[in-house]
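One structure is given here, and the rest of the page talks about it.
The values are calculated or read from the model by the stated rules, or taken from the named source; none is laboratory data. Bear in mind the structure is a predicted one, so any value in this text is a computation, not a measurement. Please note: Cβ atoms are built from the backbone with ideal geometry, for glycine as well, and neighbour counts cover all protein chains shown. In case anyone asks, the SASA skips ligands and DNA or RNA and just uses the protein heavy atoms, side chains included. Shrake-Rupley method; radii C 1.70, N 1.55, O 1.52, S 1.80 Å.
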Amino acid sequence: MGLFDQWAGFGVTFMTMFRPTFTQGYPEGWGSKRAKEKVTAPRFHGRHQLNRWPDGLEKCVGCELCAWACPADAIYVEGSQNTEEDRYSPGERYGSTYQINYLRCIFCGMCIEACPTRALTMTNDFKLADYSRAKLIFTKEELLAPLLPGMEQPPHPRRLGDDEEEYFLGLPATGQADLRTWTTQKEATS
């Protein structure tokens with residue numbers, strides 16, 4: 001039995017030795033017709049993105065929880081107070097300075113798990129290589145999601161409601177509420 005296990009392990013190694021790699025021909029070969037760009041998995045941890053509300057205000061409230069959760073100390077956040085004349089997020093605070101150092105980042109996703117407003121997410125963009133160390137420190141302007149049609153560049157007043165409660169209740173519906181009870185879920189699985 002032990003001899004068979006050794007040969008089975010060698011067989012797996014031998015089969016993967018000659019398989020084309022993900023980076024074969026990168027980046028020159030990717031422009032040709034026969035070479036196609038790699039499609040990543042849906043939950044791939046790539047470049048970070050700071051998201052916006054539907055009216056264009058930033059979701060980041062400058063709480064710095066992402067910086068605290070980062071095991072590599074790659075995130076730097078400074079929070080500032082919003083005013084009615086100078087509003088960047090719907091709450092009291094916003095992230096005035098936001099930086100991610102991709103020389104330190106280990107793409108673990110702890111920062112996105114810590115974010116209470118889902119302001120920080122990770123995209124599927126994996127092309128982050130550069131020749132300059134300074135270009136690998138992404139600032140808030142580089143991380144912010146682009147403005148979609150109907151969004152307005154901050155600072156501006158809230159468009160979905162006058163106060164926090166009206167603003168968040170005024171968001172577009174995201175789906176249907178789960179009205180099932182524990183007993184109906186238990187019965188459905190049995």
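Of the listed requirements (1) modelled with pLDDT under 60; (2) in contact with a strand residue (DSSP E or B) (Cβ under 9 Å, 6 or more places away or on another chain); (3) not charged (D, E, K, R), Met151 misses just one: (1). Check Pro90 against each of (1) closer than 26 Å to Asp162 by Cα; (2) modelled with pLDDT under 90; (3) open to solvent by 40 Å² or more (accessible area, probe 1.4 Å) and name the one condition it does not meet. Condition not satisfied by Pro90: (3). Report yes if Pro54 is in a loop (DSSP other than H, G, I, E, B) and either under 18 Å from the mean Cα position of the chain (by Cα) or of a type in the set (A, V, I, L, M) (or both), otherwise no. Answer is yes for this residue.
A count restricted to the range 146-164 and to residues that are surrounded by 12 or more Cβ atoms within 10 Å (Cβ to Cβ) and either in a loop (DSSP other than H, G, I, E, B) or out of contact with any Pro (no Cβ under 9 Å at 6 or more places or on another chain) (or both) stands at 11.
For the range 58-115, filtering for residues that are hydroxyl-bearing (Ser, Thr, Tyr) and within 24 Å of Phe44 (Cβ to Cβ) leaves 2. The C-beta contact set for the range 33-58 (first residue under 22 Å from Cys105 (Cβ atoms), second residue surrounded by fewer than 11 Cβ atoms within 10 Å (Cβ to Cβ) and at pLDDT 90 or above, distance under 7 angstrom, 6+ apart or interchain) comprises Asn51/Arg118.
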